[in-house]
1. Would you call Glu5 out of contact with any Pro (no Cβ under 6 Å at 6 or more places or on another chain), of a type in the set (Asp, Glu) and modelled with pLDDT of 95 or more?
2. Do you know which residues across the stretch 32-48 are among the aromatic types (Phe, Trp, Tyr) and either surrounded by 14 or more Cβ atoms within 10 Å (Cβ to Cβ) or under 11 Å from the mean Cα position of the chain (by Cα) (or both)?
3. Inside the stretch 49-59, can you point out the residues that are part of a helix (DSSP H, G or I) and surrounded by 13 or more Cβ atoms within 10 Å (Cβ to Cβ)?
4. For the subset of the stretch 11-31 comprising residues that are touching a strand residue (DSSP E or B) at 6+ places or on another chain (Cβ under 8 Å) and either of a type in the set (Val, Ile, Thr) or loosely packed, with under 14 Cβ neighbours inside 10 Å (or both), which member is nearest to Ser70 (Cα to Cα)?
5. When the residues of the stretch 60-77 are narrowed to those that are assigned to a helix (DSSP H, G or I) and of a type in the set (D, E, K, R), which ends up surrounded by the fewest Cβ atoms within 10 Å (Cβ to Cβ)?
6. Say whether the condition of being of a type in the set (A, V, I, L, M), farther than 16 Å from Phe11 by Cβ and out of contact with any strand residue (DSSP E or B) (no Cβ under 6 Å at 6 or more places or on another chain) is met by at least one residue in the stretch 53-62.
7. For the stretch 18-48, give me each residue that is without any contact (Cβ under 8 Å) to a residue 24 or more places away in the chain and in a helix (DSSP H, G or I).
Amino acid sequence: METLEVALPLFDNGHGTFYDLRHVSIPGHPPNRARWQYHRVHLEQLDSLYQITKNQAINKTLHRWLGYASGLLSRHN
């Protein structure tokens, strides 16, 4: 969970999620944005993790990402 809390923000693009982190690990590789169907999978995964762990960082990310699905943008954009 500690690693997930550190890595999870790397998947956040401010209005959706990234499918993977190749843009971080491979120089010059463009970001691979998750399609909305896969973003939905991310939401389901975070919801399940929160239900099991009650981790507030997961819950905060889940609600921000739910907002993206409704057209909201992150404040850092």
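The values are calculated or read from the model by the stated rules, or taken from the named source; none is laboratory data. Note that the structure is a prediction, hence the values are computed from the model and not measured. Virtual Cβ from ideal backbone geometry, glycine too; neighbours counted across all protein chains shown.
1. No: the conditions fail for Glu5.
2. Selection gives Tyr38 alone.
3. Hits for the stretch 49-59 are Leu49, Tyr50, Thr53, Ala57, Ile58, Asn59.
4. Only one residue tops the list, namely Thr17.
5. Lys60
6. Within the stretch 53-62, not a single residue is of a type in the set (A, V, I, L, M), farther than 16 Å from Phe11 by Cβ and out of contact with any strand residue (DSSP E or B) (no Cβ under 6 Å at 6 or more places or on another chain).
7. Hits for the stretch 18-48 are Arg22, His23, Val24, Ser25, Gln37, Tyr38, Val41, Glu44, Gln45, Leu46, Asp47, Ser48.
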